[in-house]
Amino acid sequence: MSIRHGLLALLDQGPRYGYQLRTDFEARTGATWPLNVGQVYTTLARLERDGLVEPAGEDDEGHQFYAVTEAGRAELRAWFDTPVPRTNPPRDELAIKLAMAVTVPGVDVGAVVQGQRRHSIKALQDYTRLKGRALAGESRPAGGAAPATEGSDLAWLLVLEQLIFQTEAEIRWLDHCETRLAQQAELQQTRAAEAAGAAGQEPARTFRPGRRRARS
């Protein structure tokens with residue numbers, strides 16, 4: 001997530017101060033990626049350092065406003081025009097967890113996969129319910145404090161659909177992981193049988209992942 005460019009996009013619509021940027025950001029994402037004011041002001045300081053924003057005065061309550069510079073607008077346009085690179089994919093905690101699990105003795109990888117699938121299916125159900133509410137005109141989760149702005153309902157719907165597609169893909173990948181585990185167990189059992197046969201011994205039984213439960 002690029003907080004830097006998200007704030008530039010908001011400032012491109014007019015000067016704002018930190019708390020306004022926070023609430024406007026959450027209005028467009030349904031608070032999916034909540035920000036704290038400290039993050040906002042830290043990012044603003046870096047943007048000012050880089051010449052992308054500049055102070056734009058204060059109001060009667062002492063709020064410091066910031067405005068985007070021409071260099072900031074150019075940076076923003078370049079961000080919109082440039083595809084998100086996939087050459088350096090972000091670290092995925094689940095992928096790292098399973099990669100470690102299959103190499104660490106004593107870990108029940110099948111249980112890890114099944115536990116994650118249950119969690120992901122529940123998340124998918126939650127996202128789907130939220131999408132239904134969004135399509136029915138309920139703009140944001142009940143816990144979201146950000147006010148609605150023009151276009152924010154569509155922005156929230158797009159974010160929700162991305163989360164739905166991402167979670168569906170994760171569940172498919174978990175199904176694939178379980179298939180891989182079963183194939184690996186079959187291969188190990190076959191190799192053990194071949195080795196035992198060559199030695200004239202009874203082959204040892206190898207653990208095989210249990211049958212996957214049907215989704216509720």
Residue 114 versus (1) under 22 Å from the mean Cα position of the chain (by Cα); (2) over 19 Å from residue 172 (Cα atoms): which is the lone unmet condition? (2)
If a residue has to be among the hydrophobic types (A, V, I, L, M, F, W, C), open to solvent by 30 Å² or more (accessible area, probe 1.4 Å) and either in contact (Cβ under 8 Å) with a residue 60 or more places away in the chain or not in a helix (DSSP H, G or I) (or both) to count, how many in segment 151-198 make the cut? 1
Restricting segment 19-32 to residues that are buried (at least 21 other Cβ atoms within 10 Å of the Cβ) and among the small types (Gly, Ala, Ser), which is nearest to residue 4 (Cα to Cα)? 27
How many residues are at pLDDT below 95 and not in a strand (DSSP E or B) when one looks only at segment 49-67? 5
Which residue is modelled with the highest pLDDT, if the candidates are limited to segment 7-32 and must be under 29 Å from residue 86 (Cβ atoms) and not in a helix (DSSP H, G or I)? 12
I need the full set of residues from segment 73-88 which are open to solvent by less than 90 Å² (accessible area, probe 1.4 Å) and farther than 18 Å from residue 3 by Cβ, in order please. 74
Inside segment 89-103, the number of residues satisfying the requirement of being open to solvent by 70 Å² or more (accessible area, probe 1.4 Å), under 26 Å from residue 185 (Cα atoms) and not hydroxyl-bearing (Ser, Thr, Tyr) is 6
From 70, 93, grab the single residue that is modelled with pLDDT of 95 or more and not polar (S, T, N, Q). 70
Which numbered condition residue 35 fails, given (1) modelled with pLDDT under 95; (2) part of a helix (DSSP H, G or I); (3) open to solvent by less than 90 Å² (accessible area, probe 1.4 Å); (4) farther than 30 Å from residue 175 by Cα: (2)
Select, from 110, 115, 137, the only residue that is of a type outside the set (Ser, Thr, Tyr) and over 23 Å from residue 184 (Cα atoms). 137
Quick one: would you say residue 103 is in a loop (DSSP other than H, G, I, E, B) and in contact with a Leu (Cβ under 8 Å, 6 or more places away or on another chain)? no
Under the condition of being basic (Lys, Arg) and modelled with pLDDT of 70 or more, which residue from segment 177-216 is nearest to residue 110 (Cα to Cα)? 180
Mind telling me which of the residues 4, 46 ends up being assigned to a helix (DSSP H, G or I), over 25 Å from residue 166 (Cβ atoms), open to solvent by 40 Å² or more (accessible area, probe 1.4 Å) and not hydroxyl-bearing (Ser, Thr, Tyr)? 46
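The values are calculated or read from the model by the stated rules, or taken from the named source; none is laboratory data. Remember, it's a predicted structure, so these values are computed and weren't measured experimentally. Glycine also receives a Cβ, built like all others from the backbone with ideal geometry; neighbour counts cover every protein chain displayed. All accessible areas refer to the heavy atoms of the entire protein, side chains included, with ligands and DNA or RNA removed. Shrake-Rupley method; radii C 1.70, N 1.55, O 1.52, S 1.80 Å.
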